[in-house]
Amino acid sequence: MLGKLYKFISLHYGEEEKEKVLENVTENISFRGSNLWILACAIVIASIGLNVNSTAVIIGAMLISPLMGPILGAGFALGTYNFQLLKRSIKNLLIATVVSLLVSFIYFFLSPFKETQSELLARTAPNIYDVLIAFFGGLVGVIAITRVKKGNPIPGVAIATALMPPLCTAGYGLAIGNWVYFIGAFYLYTINCFFICIATFLITKYLRYQPVKMVGEKYEKQIKYGITALIVIMIVPSFYLAYNLLNEKKFKQNTDQFIDKEFVKEGYTIIYKKISYHSSPKKIELAFLSKKFTADELNKLNEELKEFGLMNAQLIIKQDATDLKSEILNEIGKKDNILSEKDIMINNLRNELDKYLVKDSGVVKEMAILFPKFKNVSIGKITDFPNTDSASLATIVMYSSEKEDKDDEEKLKQWMSQKLADRNTKVIRR
């Protein structure tokens, strides 16, 4: 019975020959020629998708990105103690990373639209779910490439693990000089690389890929010890990182539960909330629309934090009008700093259009009284190109009349020039 169950779940069923798998992995490591061009194009496409907030475009970029190659190669190298393959994988991953950062930096530096879209913001703050996605996505990826029939998982892994968008976001952070965005996005990219590599290493070990035979027993031991140390260096910080991210997520969830029970359900309107997890002690800062708390109430609330698992945390309620005003102004200031450049462009276009509008709506009515002979009057502005190298705006007055009257036409021209404060006025009879 156990034998049948093991056979049912065994990864050895449908497994490709190990030599062919390693050959395919080795071929996909290199970033030269076409692979480098494909990577650069994928980065540009992903950057455009992030810039215009288009999820479909970002997914398309992830599908054509060849970034997974050297990461899987590093995982196989660690699992087979192949030092040469590991060196090649790390070298090509560094090349791919630098090229990706450079291309995305150039794109966002030249792009006229630099507002921070939601797709960009989503890649600046990694959490425990990103770790889980990278690890299990890496498992699926390496299982798929070790199968005789590769099937559909590879494109799905490329989308799920999302190596491309964090790199583009890091380039965006560099382009706008925002180091918080750069560090957060590059941190997420590093997490993805680490956990995909660890997942690959575990599957390689489970499938019993044979270690590479090297000349000289002493040299072989040195390589094995070196790679084993590297594996420990990668795994220990990775799990520590995952543990920290899990605790941060749990702290924020407990904070939300505390706020919901103690304040929201009591009907208090919260106008300001800030959670500082990395400070010591951890801080939960709140401000309310009208509710004021006494010192005893604040002490009681701080005691209740422990009941929600919020250890080493402090609740701060901002009630001083001056202090609260400064916080609100700071938040407004931050939003003003990321004012949409689309709005600025729209405002500039409006200013340009205003140049072509005649804003004095009473001119035509006055003209009908002063010049009753002129009918069907139209007034507008056009770009005038005189016999010079420059162009200027001219006010055009068009009218209909039974017969041409040069004197009245000249009087109309002078009157309109003075009325509209535009010496470059032309009067034309239809």
Report task. Could you please find all residues in segment 271-294 being of a type in the set (A, V, I, L, M, F, W, C) and open to solvent by 70 Å² or more (accessible area, probe 1.4 Å)? Result -> I271, L289
Requested in this report: Keeping to segment 48-71, report how many residues are part of a helix (DSSP H, G or I), of a type outside the set (A, V, I, L, M, F, W, C) and more than 14 Å from A162 (Cβ to Cβ).
Outcome: 3
Query raised in the report: For D336, are the conditions met, namely being modelled with pLDDT of 75 or more, of a type outside the set (F, W, Y) and in a helix (DSSP H, G or I)?
Result: no
Query raised in the report: Going by the structure shown, is A313 in contact with a Pro (Cβ under 8 Å, 6 or more places away or on another chain) and open to solvent by less than 40 Å² (accessible area, probe 1.4 Å)?
Result: yes
Query raised in the report: Which pairs do you get when a residue that is part of a loop (DSSP other than H, G, I, E, B), found in segment 24-39, comes within reach of a residue that is among the aliphatic types (A, V, I, L, M) and open to solvent by less than 40 Å² (accessible area, probe 1.4 Å), reach meaning Cβ atoms under 7 angstrom, with the pair 6+ apart or on two chains?
Result: F31/L39; F31/A96
Query raised in the report: Among the listed residues E297, E285, which satisfies the condition of being of a type in the set (D, E, K, R) and within 23 Å of N244 (Cα to Cα)?
Result: E285
Report task. Only residues that are within 11 Å of the chain's Cα centre (by Cα) and touching a residue at least 60 places away in the same chain (Cβ under 8 Å): list them for segment 166-202, please. Result -> L167, C168, T169, A170, G171, Y172, Y181, G184, A185
**Report entry** Criterion: modelled with pLDDT of 70 or more and out of contact with any Pro (no Cβ under 9 Å at 6 or more places or on another chain) - qualifying residue of E404, E327, E331
**Finding:** E404
Query raised in the report: With G156, G226, G216 as the choices, which residue is out of contact with any helix residue (DSSP H, G or I) (no Cβ under 8 Å at 6 or more places or on another chain), modelled with pLDDT under 85, of a type outside the set (S, T, Y) and open to solvent by less than 70 Å² (accessible area, probe 1.4 Å)?
Result: G216
Query raised in the report: Among all residue pairs at least 6 apart or on different chains, which show Cβ distances below 6 Å where the first residue, located in segment 74-85, is on the phi > 0 side of the Ramachandran plot and the second is of a type outside the set (V, I, T)?
Result: Y81/P211; Y81/K224
Query raised in the report: Out of all the residues in segment 100-146, which are of a type in the set (D, E, K, R) and either modelled with pLDDT of 85 or more or open to solvent by 30 Å² or more (accessible area, probe 1.4 Å) (or both)?
Result: K114, E119, R123, D130
Report summary line: Scanning segment 97-142 for residues that are under 24 Å from C41 (Cβ atoms), part of a helix (DSSP H, G or I) and among the aromatic types (F, W, Y) gives F105, Y107, F108, F109
Report summary line: Going through (1) among the small types (G, A, S); (2) surrounded by 15 or more Cβ atoms within 10 Å (Cβ to Cβ); (3) modelled with pLDDT under 85 one by one, A46 fails only at (3)
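The values are calculated or read from the model by the stated rules, or taken from the named source; none is laboratory data. Note that this is a predicted model, so its numbers are computed, not measured. All Cβ positions, glycine included, derive from the backbone under ideal geometry; neighbour counts span all protein chains shown. Side chains are part of the model used for accessible areas, which takes the heavy atoms of the whole protein and leaves out ligands, DNA and RNA. Shrake-Rupley method; radii C 1.70, N 1.55, O 1.52, S 1.80 Å.
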